[in-house]
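J.: Below is the structure I would like to discuss, written out as structure tokens.
The values are calculated or read from the model by the stated rules, or taken from the named source; none is laboratory data. Predicted model only: the values in this text are computed from it and were never measured. So basically every Cβ, Gly included, is an ideal-geometry build from the backbone, and we count neighbours across all protein chains shown. Heads up: the accessible areas ignore ligands, DNA and RNA and are worked out on the full protein's heavy atoms, side chains in. Shrake-Rupley method; radii C 1.70, N 1.55, O 1.52, S 1.80 Å.
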Amino acid sequence: ASDLGVDAPEIEIAEAPPPPLSTPEAPGPDASDLEMAAEMTPEEQMAAINSMVARLEGRLIENPDDPDGWKRLGRAKRVLEDLPGARDAYANAVEQAPEDIDALGGLAEVEMLLGEPDQPLSDRAVTLYQRVLALDERQPDALWFLGLSEAQSGRPEAAAALWNRLLVMLPPDSAEHEMLAARISELTTSE
């Protein structure tokens with residue numbers, strides 16, 4: 001949302017456990033790798049990260065039937081701010097797993113970031129979030145961004161309906177709940 005120049009609630013529905021550093025399916029750095037990385041210069045750390053991402057990408061090109069690997073590559077490229085590369089990786093994940101909410105959401109996020117900050121959400125991002133919402137009617141990002149799209153398109157009632165569905169999921173005494181309730185009130189009083 002900050003990249004797009006719009007206000008977004010800080011949503012914390014449930015705390016997820018931290019991801020493991022390494023699993024058989026998703027090899028990653030072990031403790032000694034982390035110790036060694038701590039002693040590297042920032043340039044050396046960046047080179048090591050780019051090397052790991054390149055190895056993952058090479059493995060996926062040779063063995064592309066790995067939607068989880070494509071999602072990992074999408075996340076890595078997103079963090080490295082390679083948005084076209086992230087879009088391609090997430091698109092591969094979605095192609096292989098069309099009902100994977102994480103892949104759809106990742107692709108939607110990248111599509112938004114590739115758009116112009118002062119413009120409404122792209123049709124592609126809206127379509128992806130609609131797919132997410134069809135799979136999980138309580139998915140907070142989809143409710144927020146589809147509501148935002150409706151508000152940007154001059155449909156305050158549709159925006160309020162989506163945001164009201166999100167509002168009931170937020171703790172009533174939270175700042176997010178207060179902010180979203182105010183946004184909904186603005187929509188309904190400006191009609």
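J.: I'd like to check one number: the per residue accessible area of segment 133-191, probe 1.4 Å, reported in Å² as a whole number. Don't skip to the answer; put the middle values down first.
T.: Working: 3110 Å² over 59 residues.
Spelled out: the 1.4 Å probe surface of segment 133-191, per residue, equals 53 Å².
J.: How do the peptides 152-162, 68-78, 166-176 rank, highest first, by the average count of neighbouring beta carbon atoms within 10 Å per residue?
T.: Details: 152-162: 15.9, 68-78: 21.2, 166-176: 14.4.
Those peptides, ordered most packed to least, come out 68-78, 152-162, 166-176.
J.: A further question on this structure: Which percent of the accessible heavy-atom area of segment 139-186 goes to carbon and sulfur, probe 1.4 angstrom? The partial results should precede the final answer.
T.: Numbers: 1140 of 2200 Å².
That fraction is 52 percent.
J.: Sorting check: for 79-91, 136-148, 111-123, 43-55, which peptide has the highest mean count of neighbouring beta carbons within 10 Å, and how do the rest follow? It would help to have the intermediate numbers written out before the result.
T.: Numbers: 79-91: 18.2, 136-148: 20.7, 111-123: 15.0, 43-55: 12.7.
By packing density, highest mean first, the sequence is 136-148, 79-91, 111-123, 43-55.
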